[in-house]
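Remarks on the structure that follows.
The values are calculated or read from the model by the stated rules, or taken from the named source; none is laboratory data. Because the structure is a prediction, the values reported are computed rather than measured. In this analysis, Cβ positions are derived from the backbone assuming ideal geometry, glycine residues included, and neighbour counts consider all displayed protein chains. Areas reflect the complete protein model, heavy atoms only, side chains present, ligands, DNA and RNA absent. Shrake-Rupley method; radii C 1.70, N 1.55, O 1.52, S 1.80 Å.
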Amino acid sequence: MGFDSWRAAIGAILLLGSPALAAPPAVSERYPAASGFETIETSVGPDGVSTTTLSRTTCTRNGVVEKCIIEAVTGKPFKQSSESTLDERGIWSRGTANDGGMKVTFEPAVLTFPSDARPGSEWRAEFDETMTMPDGPPVKRRSIRESVAVATERCPKGRAGLLVKTTKTTDGALRMKSESLFCTGLPAPYAVDVELFRDGKRSHTISSRPTSP
């Protein structure tokens with residue numbers, strides 16, 4: 001699997017998705033839709049080579065449904081899209097797609113951040129992850145995500161937030177460890193660190209940091 005494929009899989013942890021229920025104001029206002037949000041992403045491959053990309057995220061929110069587009073500003077061109085929703089239970093994940101024709105979908109939707117999350121909150125999800133490529137049949141894999149929220153001081157001054165630590169295992173061979181920062185009043189997640197392992201060997205380390213909230 002190429003780096004663009006990894007990017008699409010990683011992008012899934014940045015998505016929101018759920019059944020179409022009315023989102024209470026507290027949820028949607030805590031994490032507004034991103035508009036012109038720029039992020040510096042540094043990726044280090046197994047060969048130790050580092051690549052830095054500046055990307056821009058633009059999201060539109062129509063009721064509880066949010067659609068986002070992430071595009072490269074510098075570095076290797078890419079474009080990734082996602083559709084997401086919020087409900088009274090929190091933020092969910094359904095999947096992502098990129099301009100190369102790769103699509104990743106989750107069934108059922110995966111809770112990535114409960115609306116009542118607080119330090120010490122834990123949640124777990126088991127789901128089927130289907131990967132569709134333009135040059136082959138869909139591949140379905142079983143995944144498990146386990147998350148815990150911890151207190152953090154990494155949010156910008158004056159903003160409350162939580163750091164969510166997640167381990168995702170797919171068919172026992174692919175493991176992804178990530179840290180996502182949820183800060184009130186800023187798009188969620190505000191920052192993310194990811195380590196990818198295949199068959200126990202690190203494949204990529206990716207660190208994203210916002211340049212414009």
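Considering (1) within 21 Å of Leu186 (Cα to Cα); (2) modelled with pLDDT of 90 or more; (3) of a type outside the set (Lys, Arg), the lone condition that Ser50 does not fulfil carries the number (1). Show the residue pairs meeting these rules: Cβ distance below 9 Å; 6+ apart or different chains; first residue within region 182-204 and free of Cβ contacts under 8 Å to residues at least 60 places away in the same chain and at positive phi; second residue open to solvent by 30 Å² or more (accessible area, probe 1.4 Å) and in a loop (DSSP other than H, G, I, E, B). Cβ pairs passing all conditions: Asp199/Ala173; Gly200/Ala173. Quick check on region 94-114: of everything there that is of a type in the set (D, E, K, R) and either over 18 Å from Asp135 (Cα atoms) or free of Cβ contacts under 8 Å to residues at least 12 places away in the same chain (or both), which residue is least open to solvent (accessible area, probe 1.4 Å)? So, considering only residues that are of a type in the set (D, E, K, R) and either over 18 Å from Asp135 (Cα atoms) or free of Cβ contacts under 8 Å to residues at least 12 places away in the same chain (or both), the one least open to solvent (accessible area, probe 1.4 Å) is Arg94.
For region 185-211, the set of residues classified as closer than 26 Å to Arg118 by Cα and surrounded by fewer than 18 Cβ atoms within 10 Å (Cβ to Cβ) consists of Gly185, Asp193, Glu195, Ser207, Arg209, listed by residue number.
Across region 73-95, the number of residues qualifying as out of contact with any Gly (no Cβ under 7 Å at 6 or more places or on another chain) and in a strand (DSSP E or B) comes to 7.
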